[in-house]
Amino acid sequence: MRISELAELAGVTVRTVRYYHQAGALPEPPRRPNGYRDYTADHLVSLLRISQLTDSGLSLAQAGAVAADSGSPSTEEALDEVDRALEAKITDLTAQRERLARARAGRHVGLSRAAAALSLTPADIPVAVALAHLYRDHPQIDAFADALDDPQMRSALVRLQERFDAIDEKTGDTELEQLMEQAQSLVDEVAGGLPSLTEEQMQVILDLADRELNDRQKDFMRLEPRPQSHPREES
């Protein structure tokens, strides 16, 4: 049969058959005296198998090799390799769907779980994204997000945010220091295991936070938290 007849029977295009020849997946048949390729039913079977294998996740090179050498140990190894790759892809896609579902449920599309947990208001998002990125590889970042999502902690953070939003030019230093103590207490509770930011990293956070703040709120952001007091360990 001619190439057009083969392609029609297999449900592919002539271009596809030629591409399989060029890629070495489908051996070319001998040509007739008139120069046309002479395809047989065996070529049709090979073409159908290659199409089935590529639909199953094999590359064209793998599909051609398996179709030509099915049943050998190398074929099983190739199939095992593809199966592992598909399993990993399914795991990744499942995780992506879970992240998307959480984002849609919490209206935090485009944010990591930690960034979403750090965001109380839309104005928090730039700082939250930066902080989540800086701590993205820390082993406690998931526990940190869990702690922030705790309803009681969320309520405490909302109250703290309300007090921070109320800061204006009439707010005295004592009140700022008291608010800093309260903020530091909450930070210690949820992020005690996270390392401090470097000077450079902290400056990035301050630059992002300063955009929407009044002068006294900026003063608060630059307050140095009091050092934590740790009980003396028993010997």
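The values are calculated or read from the model by the stated rules, or taken from the named source; none is laboratory data. Remember, it's a predicted structure, so these values are computed and weren't measured experimentally. Cβ: placed from backbone, ideal geometry, glycine included. Neighbour counts: every protein chain shown.
Summary table below
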item: The listed residue being in the same structural domain as Gly193 (by TED's automatic domain parsing), under 16 Å from the mean Cα position of the chain (by Cα) and among the hydrophobic types (A, V, I, L, M, F, W, C), out of Ile90, Ile125, Ile141, Ile167; result: Ile141
item: Test set (1) exposed (fewer than 12 other Cβ atoms within 10 Å of the Cβ); (2) outside any helix (DSSP H, G or I); (3) modelled with pLDDT of 90 or more - Ile167 fails condition number; result: (1)
item: In the stretch 97-133, residue modelled with the highest pLDDT [restricted to those that are of a type in the set (Gly, Ala, Ser) and exposed (fewer than 14 other Cβ atoms within 10 Å of the Cβ)]; result: Ala101
item: Subset of the stretch 8-54 that is surrounded by 12 or more Cβ atoms within 10 Å (Cβ to Cβ) and small (Gly, Ala, Ser) - its residue that is farthest from Asp69 (Cα to Cα); result: Ala10
